[in-house]
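S.K.: Please find one structure pasted underneath; my questions will follow.
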Amino acid sequence: MDSHLPAGPNNENFELIANSAPALIWASGPDKLCCFFNSAWLNFTGRTFEQEYGNGWAEGVHHEDLARCLEIYTTAFDKREKFTMEYRLRRYDGAFRWITDSGVPRYHTDGSFAGYVGSCMDIESLFESERVRTKGLSDAIAAMGARDHHIRQIVANAPFPIGIYVGREMRIEFANQSIIDVWGKGNDVVGKLYSEVLPELAEQNIYQQLDDVFTTGVPFHARNQRVDLQVNHKIRPYYFNYSFTALRDEHGEIYGVMNTAAEVTDIVLAKQEAEHRRKQLFNMILQAPVAMCIMMGDNLVVEVANQLMIDLWGKPKEDVLKKPIFEGLPEVKGQGLEETLANVYQTGKRFKAIEQPVQLLRNGRVETVFQNFIYEAYRDTDNTILGVIATTTDVTEQVKARQLLQRSIENERDINEELAASNEELAAVNEELIATNEELSLTQENLQKSEKLFRSIAVNIPKSIIIVIDKEHRFIAVEGELMTQMGFNGKDYEGKHPLEVGSPERYESSKHLYERVLKGEQFSEERVSATGEIFMVHMIPLVNESNEVYAGLIIALDITEMKEAERRSGKLAAIIHSSEDAIISKTLEGIITSWNQSAERIFGYTEAEMIGASILTLIPEDRRNEEVLIVSRIKNKERVEHFETKRVTKDGKLIDISLTISPVFDSRGDIIGISKIARDISEKKQEETRKSDFIGMVSHELKTPLTSLTAIIQVLNAKLKTSGDAFIAGGLEKANTQVKRMSSMINGFLNVSRLESGKILIEKHDFDLTELIREAISETELTVSSHQIQFDYSRPLMVHADHDKIGSVVSNLLSNAVKYSPNGSSIGVYAEEADGMVHVSVKDDGMGIKPHDMKRLFDRYYRVQSTHTKHISGFGIGLYLSAEIINRHNGKIWVESESGVGSTFHFTIPAGM
Ligand code: ADP
């Protein structure tokens, strides 16, 4: 038959039961209209469901009874009360039969009103004759004849228990097979007293219920009622929905009670079991050695979370428990976790993440923590997903330790090897932790299915052993990879006392631990095994619902490797801590994440002040673009050469530092940060300044005697014109050249020293650069006859610059071209104007410069070292000075060269009017 009942979770069951019941059963909806009639009803009236539907059934009610019936039904319906009424209903053969009809309101599982359900009995058959009472229902049923044969069959074989008890003493007159089976007292029950057959019910109030029904005629109904029955000499609890209904004779006098029942033991036990498992799971989560929680429903309400999880969240319990997770932790929104969790909840697919950075608002500040986590669907026994179980390990410390390790790899070459080993080990420990987590969360599923809870955890946690002991210290379970290592040699320990399976000494050494845990103390201890392994032993009391300890859970984990890695990273941290250089790490966004003691000494800020602050705090205003450049180079995986620069300290002092910069990688090789090693070189710089001051002073002192020497040579030259001695003339000419060279060298040193003490002033005028070049060429030609210098340019090229200083740049380039190219070769000078700049180049066909020298050519005192240059004098300051001069004109200077072919030096300065 089609279901016309409003949808509800138990419709199917209801129809099934109703259709196999011998009683006539109907149901109505909240609109009072009838929407269900069972098979017994339709058999009785001989009509179809469609005919009876709605108010159709009223056609079958005797016209004298109808008004009264409707009145009783409507009144009870409006008040949602039970009712019982008697009326005559037309049977399939046209005869009206008296029936009694009892209706009760029914409700949906959410508590909303669903209508009524009623059951009716043909009481006329009971009125009919004495025979019913005296000879028993079976006779009465037999008397129904062949036509009613199937009804008799149904009653006798109905899958639910039916019994009829007669007289106040409750003599069993009829019992179908089903009730006989339930009682479990054998088939020979008819004719005996109810109390004889079921003496165990004396204390269970049931005799009283029967007696009340017999006295008052008011039916009694019980739901999910526990009844302890003695079956095969054992008292066991069963659960029933049962009814006692009064039976009346033709005078309306009560002569007995009919008992119908449905056994619901399985359903109730299943429910209790589910509840028990749920509690066990929650209990397990609360006591787990990793952070765990369960979130229920599609808005992920935190149903349970252990202390480790709460600590990780860093919020008071009340702020997160029993609330949707993203309401309790709003700061976690927008980090991608919503989608991930929703996906696990909808698809049931497990999600796992390693070293996931999560921003948490903990104790009032936003912190980045790194977590390994697993999200797993939390399922009901029928596999429907109820929520999500999250297992989390905070690996922030490990990640930080590894970052430290990686930073140092770049810089502490001598400990490189050790670092690599530590790194690997940390990663291995990490892996293991993840594996452990995974296994732990895997077992939650088992939890719901398997009795062997601890066993399955134990065998799945690598390098562990799990022992469960009862209150007498007997082993309930001993499992895990480390069994043999811990001295358990694979015997069956279940139910045995440690003294039965091991030495008294061994028991003695653990006894006090067992006693402590069984007293309810939860604690962890490090223990060293005979073979030197280090174990972390967690002792966890297992408590039942009323908070009594019923067993002790002992989890031992081999932490030897973890300890070793810890030791290594501790050693490393000590190195970093005590380093003379400031070691600082920061994110790619420039947020400082570590700060050692030397950083504090050099920059004056404490670690607490700087963690979380911006690196820009240390960078002077005019060097901030340095930082942008460094970050973009690191991001592009380019190497950054160490360089010298300036930084500001806490008290605003500018200091000179030498910086080494390297990237920090995560375990996947992605760049997640930058580490900097800064060395304070202020001392060195001051030393250099002192040197340069000294050179300046010396050069200055040398200039005075040299000036008089030049004057003397000039006077001698004048006198010589009269004497005409060719030898002396030649000698004086040479003396003059040497004095000129010497004075140009001394000038060079003087200029360096002036430059460095900031005493070089650039005085700009407008002048014609071609004119200046021509002057410089003829001056060079005065002393040099070995080379041809070409310069063909007739148009003036106006510049706005310092005439003398640009002159010295051109002279320097010319004299270098002469110095570093063979005699007889030619030198070309070119000049042009483009885009507001004047471009000058000096080209020679000399020895050229190797690529690695080219970058450093413009450094102070830098000279190329080779057999060619060994005999060419110079101090490596000409190009340095030229570069400084050009820079101060906002111009550029550079070189193009090929070794053995020749060089071209270029510079540009802004054009004038
Ligand atoms: P100096 O010539 O006094 O050594 P500079 O600063 O003028 O100092 O030049 C630095 C170095 O650059 C020189 O020592 C030389 O090795 C190289 N150099 C300069 N000009 C040339 C050139 N035209 N050809 C080859 N090498 C050159």
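S.K.: When you scan region 518-535, do you find a residue that is among the acidic types (Asp, Glu), under 19 Å from Ile559 (Cα atoms) and crowded, with 16+ Cβ neighbours inside 10 Å, even just one?
M.R.: Within region 518-535, one or more residues are among the acidic types (Asp, Glu), under 19 Å from Ile559 (Cα atoms) and crowded, with 16+ Cβ neighbours inside 10 Å.
S.K.: Hey, another quick one. Can you pull out the helices (runs of 4 or more DSSP H) entirely within region 27-97 that have at least 2 residues that are free of Cβ contacts under 8 Å to residues at least 40 places away in the same chain and surrounded by fewer than 16 Cβ atoms within 10 Å (Cβ to Cβ)? Give the steps one after another, and end with the answer.
M.R.: On the way: elements: 39-45, 49-52, 66-79.
Helices (runs of 4 or more DSSP H) meeting the threshold: 49-52, 66-79.
S.K.: If you go through region 273-323, how many residues are assigned to a strand (DSSP E or B) and open to solvent by less than 30 Å² (accessible area, probe 1.4 Å)?
M.R.: 8
S.K.: Out of all the residues in region 724-740, is one or more part of a helix (DSSP H, G or I), among the aliphatic types (A, V, I, L, M), under 16 Å from Phe875 (Cα atoms) and more than 60 Å from the chain's Cα centre (by Cα)?
M.R.: no
S.K.: Out of curiosity, is Asp835 among the acidic types (Asp, Glu), near the ligand (Cβ under 9 Å from one of its atoms) and out of contact with any Ser or Thr (no Cβ under 8 Å at 6 or more places or on another chain)?
M.R.: no
S.K.: Quick test of your reading of the structure: Leu557 fulfils all but one of (1) in a helix (DSSP H, G or I); (2) under 30 Å from Ile465 (Cβ atoms); (3) open to solvent by 20 Å² or more (accessible area, probe 1.4 Å). Name the failing condition by number.
M.R.: (1)
S.K.: Please verify whether region 735-742 includes one or more residues that are open to solvent by 60 Å² or more (accessible area, probe 1.4 Å) and away from the ligand (no atom under 16 Å from the Cβ). If you could, list the steps in order and put the result at the bottom.
M.R.: Start the filter on region 735-742 by keeping residues that are open to solvent by 60 Å² or more (accessible area, probe 1.4 Å), which leaves 738, 740-742.
Okay, now just the ones that are also away from the ligand (no atom under 16 Å from the Cβ), so 738.
Yes.
S.K.: Give the residues of region 374-388 that are over 12 Å from Met292 (Cα atoms) and either buried (at least 17 other Cβ atoms within 10 Å of the Cβ) or in contact (Cβ under 8 Å) with a residue 12 or more places away in the chain (or both), sorted by residue number.
M.R.: Selection gives Ala377, Tyr378, Arg379, Asp380, Thr381, Ile385, Leu386, Gly387.
S.K.: Could you please let me know if Asp211 is within 26 Å of Ala18 (Cβ to Cβ), in a helix (DSSP H, G or I), of a type outside the set (A, V, I, L, M) and open to solvent by 10 Å² or more (accessible area, probe 1.4 Å)? Give the derivation first.
M.R.: Numbers: within 26 Å of Ala18 (Cβ to Cβ): no; in a helix (DSSP H, G or I): yes; of a type outside the set (A, V, I, L, M): yes; open to solvent by 10 Å² or more (accessible area, probe 1.4 Å): yes.
So Asp211 fails the test.
S.K.: When the residues of region 846-900 are filtered to those that are within 57 Å of the chain's Cα centre (by Cα) and polar (S, T, N, Q), which remaining residue is nearest to the ligand (Cβ to nearest atom)?
M.R.: Ser897
S.K.: For region 177-214, enumerate the residues that are closer than 15 Å to Val257 by Cβ, in contact with a strand residue (DSSP E or B) (Cβ under 8 Å, 6 or more places away or on another chain) and free of Cβ contacts under 8 Å to residues at least 40 places away in the same chain.
M.R.: Result: Leu193, Tyr194, Val197, Leu198, Leu201, Ile206, Gln209, Asp212.
The values are calculated or read from the model by the stated rules, or taken from the named source; none is laboratory data. Bear in mind the structure is a predicted one, so any value in this text is a computation, not a measurement. When we count neighbours, we look across all protein chains shown, and the Cβ atoms used for this are built from the backbone with ideal geometry, even at glycine. In case anyone asks, the SASA skips ligands and DNA or RNA and just uses the protein heavy atoms, side chains included. Shrake-Rupley method; radii C 1.70, N 1.55, O 1.52, S 1.80 Å.
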